[in-house]
């Protein structure tokens, strides 16, 4: 009555083959996908002057435009959460953050300081200065240094303060002016279609 | 029947040389997975120590309740506590750590190949079912290899699958809570962690990883009971079903409560069907053993229920007599579980 699998001679070799299969699958998944992904180029040229959208839906989104020469790093970008961009020595991220209530908008700058520290413990964010967008929105801006790279950070809450856009642009120290200019240009192009600033 | 003297088949199997190799390999993989997780989330502990501890603490109730409940779901008696814990640890370390690497690679590929908009909607649904279901299932396979006789049939596979999925789910919930902090701009880290935990424990946990891996793990039970040739088809079927459950869970539509409900109903229906067959076979085996005089007729009525067995033990005076009753119950249950593990075995 009992299955033949219960007793009999040990089946070490068969079981070791199962073990080898498990190991093979795990290595294939955990090392194979990252290796293949690394081998495939993830840079896509951005269309200059064409608006890019970031946000969860039409009522919670912002739009911005890029100048010529920008490249989208597709593997790290998600139109709902973050665009990761590059132009020459400048690396820039545009990030959507959710705010549960309007009072949290005042915590965006110290929050950004901590978020930057998650990526690099040496990251430093300078004191914020007020920044008014061309549409009249109130934002904050300040200097940023990360791993020997320097640039500018910008934070803009949406008109309803239920979400915000954070821009961080850095480049090697001798190109930090280019990074600051890039952040300023992007901030000037930022629009919140669902509400006028 | 298993005799009281001499090594049981289970004990003999524990001494097989491959068992040690499997166990050592599994431990190494758990350490590697835990290392990956520490490497990925150590900065959170440094920058947000309080919210990180909170993220862990908020998952403890789910872990404890799930562990208790899933072990209770095994008919007749709970599976070994050690191997149940091993399943959870695998899910929480080796599977989660490796999934972190695998998912990052594959989701990146979707974005590069199909564009960021497609990847934003579909990369999770097309990556996680493949990577995560295989990585979690690897834990059930290793338990079947490392603890011969722990996985005897589909019900055992389902229970160990659920436990492995539980470990994965708990660790994933912690990582989601930590990832929620920057998603909310780190404006209220404790609030972000709590909100994420409430949604993932209160809503999605009802049909998440435990349910998917329970279904996939059932297939390993079929393999253990029927061997590679006759068990392969149901095993593949269970894995594909688990991947389908995972795909619909991560897909952009339908609404999340409906996805959770679908997975919950699927796994509950599957469990009840398997359990009914298991209990019916157990009753039949018990009847045969009573007829053969292996189990005393007076003990048979109390043998298949946890509470009845306990009552029967307590009726015996403490000391050697009670110990003897306990030993008799365990020996009889060993035989019944072996015979009742799978319908195919009863047909042989």
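None of the figures in this text is laboratory data; all of them are computed from the coordinates on show. Quantities reported herein were computed from a predicted structural model and do not represent experimental measurements. So basically every Cβ, Gly included, is an ideal-geometry build from the backbone, and we count neighbours across all protein chains shown.
Convex hull of alpha carbon positions in the protein assembly as shown: directionally averaged projected area 27.7 nm². For chain A, the longest principal axis of the alpha carbon atoms and the long axis of helix A:176-189 meet at an angle near 80°. For the pair residue A:185 and residue A:71, a Förster radius of 25 Å applied to the C-beta separation gives a FRET efficiency near 0.95, rounded to the nearest 0.05. Modelled this way, with points 7 Å down the Cα-to-C-beta line, the labels at residue B:261 and residue B:42 are 4.6 nm from one another. Along its three principal directions, the equivalent ellipsoid of chain B from the Cα gyration tensor extends over semi-axes of 40, 22, 19 Å, largest first. Take each residue of peptide A:110-118, count the partner chain Cβ atoms within 10 Å of its Cβ, and average: the result is 6. Between residue A:50 and residue B:190, the simple label model (points 7 Å from Cα in the Cβ direction) yields a spacing of 4.7 nm. The mean number of Cβ atoms from other chains found within 10 Å of a Cβ in peptide B:127-136 is 2, as a whole number. Taking label positions 7 Å along the Cα-Cβ direction at both residue B:236 and residue A:41, the computed distance is 3.9 nm, reported to one decimal.
Cβ crowding within 10 Å ranks B:209, A:60 as A:60, B:209, fewest other Cβ atoms first. In segment A:43-196, the ratio of gyration radius to Kirkwood radius, Rg to Rh, stands at 0.93 when only Cα atoms are counted. Once the C-beta distance of residue A:23 and residue B:300 is scaled by a Förster radius of 45 Å, the resulting FRET efficiency is 0.50 to the nearest 0.05.
Looking at the calculated P(r) for segment B:114-173, what percent of the C-alpha pair distances fall above 19 Å? The calculated P(r) of segment B:114-173 puts 43 percent of pairs beyond 19 Å.
Per-peptide packing, taken as the mean over residues of other Cβ atoms within 10 Å, places A:175-187, B:276-288 in the sequence A:175-187, B:276-288 from highest down. The mean number of partner chain beta-carbon atoms within 10 angstrom of a residue's beta-carbon across peptide A:178-191 is 0. Helix B:306-315 and the longest principal axis of the Cα set of chain B meet at an angle near 40°.
The tail of the calculated P(r) for segment B:280-319, taken as Cα-Cα distances beyond 16 Å, holds 39 percent of the pairs.
The angle between the Cα long axis of helix B:320-340 and the main principal axis of chain B comes to about 70°, on a 0 to 90 degree scale.
Using just its DSSP H runs of length 4 or more, each adding -39500 (n - 2.57), chain B gives a mean residue ellipticity at 222 nm of -27500 deg cm²/dmol after division by all residues.
The Rg/Rh ratio for segment B:165-240, using Cα coordinates for both the radius of gyration and the Kirkwood hydrodynamic radius, is 1.25.
On the basis of the beta-carbon distance and an R0 of 35 Å, residue B:307 and residue B:60 show a calculated FRET efficiency of 0.80.
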